[in-house]
Structures are given as structure tokens and as C-alpha cells.
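Please read through the structure below; I'll follow up with questions.
The values are calculated or read from the model by the stated rules, or taken from the named source; none is laboratory data. Note that the structure is a prediction, hence the values are computed from the model and not measured. Don't worry about glycine lacking a Cβ; one is built from the backbone with ideal geometry, like all the others, and counts go over all protein chains shown. With ligands, DNA and RNA removed, areas are computed over all heavy atoms of the protein, side chains included. Shrake-Rupley method; radii C 1.70, N 1.55, O 1.52, S 1.80 Å.
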2 protein chains.
Amino acid sequence: MNIGEAARRSGVSAKTIRYYEGIGLIPAAGRTASGYRAYSANEVETLRFIQRARSLGFSVDEVGTLLELWRDRSRASADVKAVALKHVTAIETKIAELESIRRTLLDLTNRCCGDDHPDCPILDGLAAK
Amino acid sequence: MNIGEAARRSGVSAKTIRYYEGIGLIPAAGRTASGYRAYSANEVETLRFIQRARSLGFSVDEVGTLLELWRDRSRASADVKAVALKHVTAIETKIAELESIRRTLLDLTNRCCGDDHPDCPILDGLAAK
DNA sequence: CCTTGACCTTCCAGTCACGGGAAGGTGAAT
DNA sequence: ATTCACCTTCCCGTGACTGGAAGGTCAAGG
């Protein structure tokens with residue numbers, strides 16, 4: 001299977017597959033006689049794993065760790081859970097930051113009448129505190 | 001006032017001030033005879049404005065727009081409000097994404113007992129759907 | 001047999017918003 | 001005269017890609 005087909009089946013773009021190979025996240029794919037990369041169903045499965053992990057916000061580094069655990073049959077599920085829970089904490093921190101920002105912005109925008117006049121509590125709020 | 005002092009008073013690092021000057025977000029600062037950048041209280045105020053806007057998650061580009069509006073005495077507050085509300089929408093989208101991810105991850109981690117055994121619903125969830 | 005078009009290859013550059021660090025000049029105090 | 005903190009410009013690296021150039025390959029149609 002060529003890289004384009006692997007990309008279609010995995011949801012990871014050809015460009016990104018090559019990138020993952022370049023940084024060592026996945027081993028270098030086999031090649032046809034003419035130099036085209038060739039992928040097996042197994043490798044596509046790995047790419048799908050990576051795609052799902054990335055879509056859950058894991059960094060490429062964390063995905064590397066998850067891949068290792070995935071391939072390691074003697075892993076402890078506690079190790080996987082630790083990675084996932086650490087990520088959950090990071091996400092919750094980020095959500096809290098965004099909600100704080102959201103509250104501040106809504107407070108400012110609610111106080112701004114938003115008409116033709118120049119007076120603007122939003123700019124005032126940014127200018128001084 | 002030297003750049004270091006301006007940095008301390010504005011909360012924007014000296015490195016970042018030079019960067020902002022380089023990309024044209026702020027006009028080039030005046031210079032002393034020996035080539036040091038010199039800042040007035042006014043310029044520090046601008047930097048503080050930028051710092052607050054950035055800390056609310058506005059992109060540097062959006063900050064540029066806000067700065068223009070700030071300096072434009074004939075602005076309509078509606079224009080400012082539009083920028084702010086667009087940003088609020090973007091933030092709310094981001095929050096929704098993160099909460100969706102959080103729910104998925106918590107669902108997976110709750111089903112993973114996290115002990116010495118290799119069986120792991122988290123990896124299974126990433127591997128297939 | 002030739003061409004067309006859709007593939008594939010490598011490599012370089014750009015994104016965003018900076019931070020690190022090198023190499024060298026300046027200012028003020030000791 | 002020296003020390004030391006400050007300043008200058010310059011280029012490189014970050015994360016996770018995406019875009020694009022220049023060129024090779026493959027299968028089908030004329």
C-alpha cells in the first residue's frame with residue numbers, strides 16, 4: 001500500500017506520516033523497488049492509534065510513550081493510566097485558564113454598549129487596572 | 001528608561017519588546033547616543049496594554065487591531081466589542097473541545113483499573129473504535 | 001510509443017510567539 | 001583599571017506540522 005492509501009485509511013496525512021518517520025515516532029517504512037514507501041495493515045493500525053491519541057491532545061512525545069506501552073505486552077496498566085491522568089490534569093488546568101479568561105472577557109464585553117461612540121470599557125480594562 | 005526597566009514595569013520581557021518592535025507591533029523606540037533603546041512612561045503603558053491583551057489570549061495580530069482602536073479616538077466601541085466577542089467564541093469552542101477530550105479520557109481511565117496487569121481499556125480505546 | 005495526470009520522492013522554508021545564547025559594546029561604581 | 005550589570009545584533013531552536021519546488025514513477029488512453 002502506498003503512502004497516500006495509508007494516509008486515507010489512517011486519517012494521518014502523507015506529509016505527517018513522513019514527518020513521524022523522520023522524527024522516529026514510527027520506524028522507517030519498507031520501500032518498493034522504485035523507492036515508494038510501502039505500508040501494511042499493521043502499520044496503518046499504528047497510524048490510526050497515533051491519530052486517535054493526537055486527537056485526544058497527547059503530545060507526539062506522549063504518543064511515543066503510549067506506543068511503547070501498547071507494544072509492550074508486559075506493561076502495567078498503571079503506567080498507561082498515569083500518562084492519561086497526567087494529561088487529564090493538564091487539560092483541566094487549561095480549561096480553568098480559558099474559563100477565567102472567558103469570564104473576564106464577558107465581564108468587559110457586557111459593560112461595553114458596542115455602538116458608534118468611542119467610549120469602551122474593554123479598551124479601558126486593557127489599558128489600566 | 002532602558003529596555004530592562006521598561007520590561008520590569010510592563011511585564012513584557014526585553015527580548016519580547018525587541019521582538020514586537022521587529023514585527024512592527026510597536027514603533028521603533030528612540031535611542032540614546034550609545035544606541036540603547038529609550039522608553040517613556042507612555043510607551044510602557046502601551047506595553048502593559050499589550051501584556052494584558054496577550055494574557056487574555058488575543059493573538060499578536062488581534063493585539064495590533066486593538067492597539068489601533070485604542071489609539072483611534074474616533075473608533076466605534078462596536079468594533080472593539082466585535083473583536084472581543086469573536087475571541088470569546090474562539091475560547092468557548094476551545095473549551096468545548098477540551099471538555100469533550102476530558103470526558104473521553106475520564107471514561108477510559110475510569111475503566112482502567114491501573115494495576116500491574118497489562119490489560120488496559122485506555123490502550124484498547126486508542127487502538128480501535 | 002507518447003503523453004497525461006495522479007501519484008511518489010527529497011529538501012527547504014514558513015508558521016506562532018517567542019527564548020537561549022554567542023559575541024561584543026556601554027555605564028556606573030569601586 | 002576593573003568589575004559587573006546592562007545593552008546591542010545575530011542566528012538557532014521550539015512543536016507539529018503545512019506548503020511548495022523540482023524531479024522521478026506508474027497506469028491508462030490515444
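Assuming R0 = 25 Å, can you tell me the calculated FRET efficiency for the pair B:Thr65 and A:Lys86, based on Cβ-Cβ distance, to the nearest 0.05?
My answer for the efficiency is 0.10.
Which value, in Å to one decimal place, does the Kirkwood hydrodynamic radius take for the range A:89-129 when every pair of different Cα atoms is included?
Radius from the Kirkwood sum: 11.5 Å.
Let me ask something additional. Taking a label point 7 Å from Cα toward Cβ, how far is B:Ala82 from its twins in the other copies, in nm, shortest first?
5.3
Per residue of A:83-95, how many C-beta atoms from partner chains lie within 10 Å of its own C-beta, taken as a mean?
4
Something else now. Averaged across A:96-107, how many Cβ atoms of other chains sit within 10 Å of each residue's Cβ atom?
For this peptide, the per-residue mean of nearby foreign Cβ atoms is 4.
Normalising by the residue count of chain A, find the relative contact order in percent from Cα pairs under 8 Å and 6+ residues apart.
16 percent
Give the long-range amide H neighbours of B:Ala38: residues separated by 5 or more places, or on another chain, with amide H under 5 Å away, using H modelled in the peptide plane at 1.01 Å from N.
B:Gly30, B:Arg31, B:Thr32
Moving on to the next point. Ignoring ligands and nucleic acids, what accessible area does B:Cys113 show with a 1.4 Å probe (Å², nearest 10)?
My reading of the accessible area for B:Cys113 is about 90 Å².
So what's the back-of-envelope 222 nm ellipticity for chain B, counting only DSSP H runs of four-plus at -39500 (n - 2.57) apiece and dividing by all residues, rounded to 500?
About -22000 deg cm²/dmol.
I've got another one for you. Determine, for the protein assembly as shown, the count of lysine pairs separated by eight or more sequence positions (or lying on different chains) whose alpha-carbon distance falls under 30 Å.
Lysine pairs, 8 or more places apart or on different chains, close enough: 25.
List the residue from chain A whose beta-carbon is nearest to the axis that rotates chain A onto chain B, together with that distance in whole Å.
Reported as residue, whole Å: A:Ile95, 3.
Using protein chains only and a probe of 1.4 angstrom, how many square angstrom of A:Thr89 are accessible, to the nearest 10?
Solvent-accessible area, nearest 10 Å²: 80 Å².
If the only charges are +1 at each Lys and Arg Cβ and -1 at each Asp and Glu Cβ, what is the size of the charge dipole of the range A:1-57 around the Cα centre, to the nearest 20 debye?
Dipole about the Cα centre, nearest 20: 160 debye.
Follow-up question, since we're still on this one. Taking a label point 7 Å from Cα toward Cβ, how far is B:Ser100 from its twins in the other copies, in nm, shortest first?
2.6
Which of the helices in chain A, when you take each full DSSP H run, stretch at least 20 Å along the axis at their Cα atoms and have an average Kyte-Doolittle score of -1.0 or higher?
Helices passing the filter in chain A: A:41-55, A:77-111.
Got the B:Ala41 label distances to the other copies yet, label 7 Å along Cα→Cβ, in nm, shortest first?
Here B:Ala41 shows inter-copy label distances of 7.5 nm.
Volume per residue, Å³, of the convex hull around the alpha-carbon atoms of the range A:1-57?
71 Å³
For a protection proxy built on the mean count of beta-carbon atoms within 10 angstrom, sort B:48-55, A:18-25 highest first, please.
With the highest mean Cβ count within 10 Å placed first, the list reads B:48-55, A:18-25.
About its Cα centre, how strong a charge dipole does the protein assembly as shown have in debye, to the nearest 20, once Lys and Arg get +1 and Asp and Glu get -1 at the Cβ?
It works out to roughly 480 debye.
Something else now. Apply 1/(1 + (r/R0)^6) to the Cβ-Cβ distance of B:Lys94 and B:Arg8, taking R0 = 22 Å, and write down the FRET efficiency to the nearest 0.05.
Taking R0 as 22 Å, the efficiency between B:Lys94 and B:Arg8 is 0.10.
Continuing with this model, one more query. From the C-alpha gyration tensor of the protein assembly as shown, pull out the three semi-axes of the equivalent ellipsoid (sqrt of 5λ each), sorted largest to smallest, in whole Å.
With the √(5λ) rule applied to the protein assembly as shown, the semi-axes are 47, 24, 19 Å.
If you don't mind, there's one more thing I want to ask. Which stretch or stretches of the range B:11-28 have amide N atoms under 19 Å from the point lying 7 Å from B:Ser40's Cα along the Cα→Cβ direction?
Zone members listed by number: B:21, B:25-28.
Let me ask something else about it. Assuming R0 = 22 Å, what is the FRET efficiency of B:Glu21 and A:Ala127, from their Cβ-Cβ distance, to the nearest 0.05?
The value I calculate is 0.60.
Which whole-number percentage describes the relative contact order of the range A:1-57, with Cα contacts under 8 Å and a sequence gap of 6 or more?
Rounded, it is 41 percent for the range A:1-57.
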